[in-house]
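The values are calculated or read from the model by the stated rules, or taken from the named source; none is laboratory data. Everything quoted here is computed from the prediction, not taken from an experiment. Glycine also receives a Cβ, built like all others from the backbone with ideal geometry; neighbour counts cover every protein chain displayed. When the accessible area is computed, the model is the full protein with side chains, heavy atoms only, and any ligands, DNA or RNA have been set aside. Shrake-Rupley method; radii C 1.70, N 1.55, O 1.52, S 1.80 Å.
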Amino acid sequence: MIKKYLWLCASLILLLNGCVPQRSYEAALILADTAAREAPSRWKSTTPTPSQAGVTYTVAGRTHQGTLYLPAAAPPRAGIVLVPGVVPLGKDDPRLVAFANTLARARFAVLTPELKEFQHLQVRTRHPRVIADALAYLADRPDLVPSDHLGFGAFSFSVGLAVIASLEEDIRAQVQFIFGVGGYYDLETAIRFFTTGYLSESEHDLEPSQYGKLIFAATSLKYLTNPADRAVLKEMINIKIRNPDADITFLAPRLGPQGKAVYSLLNNTDPAQVSPLIQALPQGLRQLIENLSLSNQDLTPIQAQVILVHGKDDPLIPYTESIALANALPPKQAKLYIIEQTLTHVDFKFRSFFTPAFWSHELPDLWRMYRAIYLLLGKRAPTDP
């Protein structure tokens, strides 16, 4: 075992000293830069700062907005539509902006589409089409992106949205890759996990995710026909946003039948009750869950290579969901990297290089994440002669 770690460490040191092919060297620098986010890194100091501009584009009569990141000193070698998780800042979340710049430095044209409902922690059935339109826009810009070098990058819940987007007939053949971090496969399983903390009979339960509950509650507002229910649930959401530990039970008696159905699901602690509680939800909300669950989709038309990364300690979406997604795809189409300790949901951190924990636990995680980035870089067009 010790030899294995020493070999991995030696490999990484060689990468950082440029003693292997260029893509390997870049992958190592990008991994370090991703961990650094906005802080200085060798990748930032050795590559020019990308350009960044807002864009408005229309696809089949649908008008969208987004931010386009382009490499500064050379033309792009690939295009990627980069989609954030369901976070209030959406495409302007600092983590997404940092990663977009990281990829643009690697000569990706990066488009981050505007998903306005994310600002209110809401998900809509139209979002996969918005994501697909962003890729269609890049595909229609040969001046920006070489043909046959297009794909999606997505985080958290948006991994599922990107997979559904890749099934749209007008872009299906143009999606060469999907890079997903912390995604889901079956929404009922994900809901069971973030409401009750239940993973499986063979593994320890975790604490329910308050953030997952907030997203579900906010998304449900559209499907409540009683204005009083919407008002009470909004008040509950606002209280929890200000203080996740706040008691909101005093508001529950004011809810009508639909509001109580949502509230009951989110406060349920029994994994066995999740399915019947979902069936008691308003019809439109049940339909949303069904439509966005990948387990209900025929994934065989997907032509892209799917690169999946998931933290084993993910508190929002269990790592078993990425395993299930990889298993549902055609053989050899998915590459899966389970990160044991250094990735929570979409954020990762490492201890000091000199700590025992780094050598025994974190170094193998570094290698897995490096491999995922190496595969992503391989989706670019060949280097200039």
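Taking the condition of being among the aliphatic types (A, V, I, L, M) and under 17 Å from residue 379 (Cβ atoms), how many residues in region 75-94 meet it?
Total meeting the criteria: 5.
Restricting the first residue to region 96-123 and requiring it to be closer than 27 Å to residue 75 by Cα, which pairs with a second residue that is of a type in the set (Asp, Glu) and open to solvent by 10 Å² or more (accessible area, probe 1.4 Å) meet a Cβ separation below 6 Å and a spacing of at least six or different chains?
Pairs that qualify, where the first residue is closer than 27 Å to residue 75 by Cα and the partner is of a type in the set (Asp, Glu) and open to solvent by 10 Å² or more (accessible area, probe 1.4 Å), are 98/38.
Restricting the search to region 322-342, which residues are open to solvent by less than 10 Å² (accessible area, probe 1.4 Å) and in contact (Cβ under 8 Å) with a residue 40 or more places away in the chain?
322, 325, listed by residue number.
I'm told residue 275 meets every condition in (1) in a helix (DSSP H, G or I); (2) loosely packed, with under 13 Cβ neighbours inside 10 Å; (3) free of Cβ contacts under 8 Å to residues at least 60 places away in the same chain except one. Can you identify the failing condition by its number?
(3)
Just one of the numbered conditions (1) open to solvent by 50 Å² or more (accessible area, probe 1.4 Å); (2) in contact with a helix residue (DSSP H, G or I) (Cβ under 7 Å, 6 or more places away or on another chain) is not true of residue 114; which one?
Tallying (1) open to solvent by 50 Å² or more (accessible area, probe 1.4 Å); (2) in contact with a helix residue (DSSP H, G or I) (Cβ under 7 Å, 6 or more places away or on another chain), residue 114 fails exactly one: (1).
Please enumerate the residues belonging to region 158-172 that are of a type in the set (Gly, Ala, Ser) and closer than 18 Å to residue 118 by Cα.
Across region 158-172, the qualifying residues are 158, 160, 162, 165.
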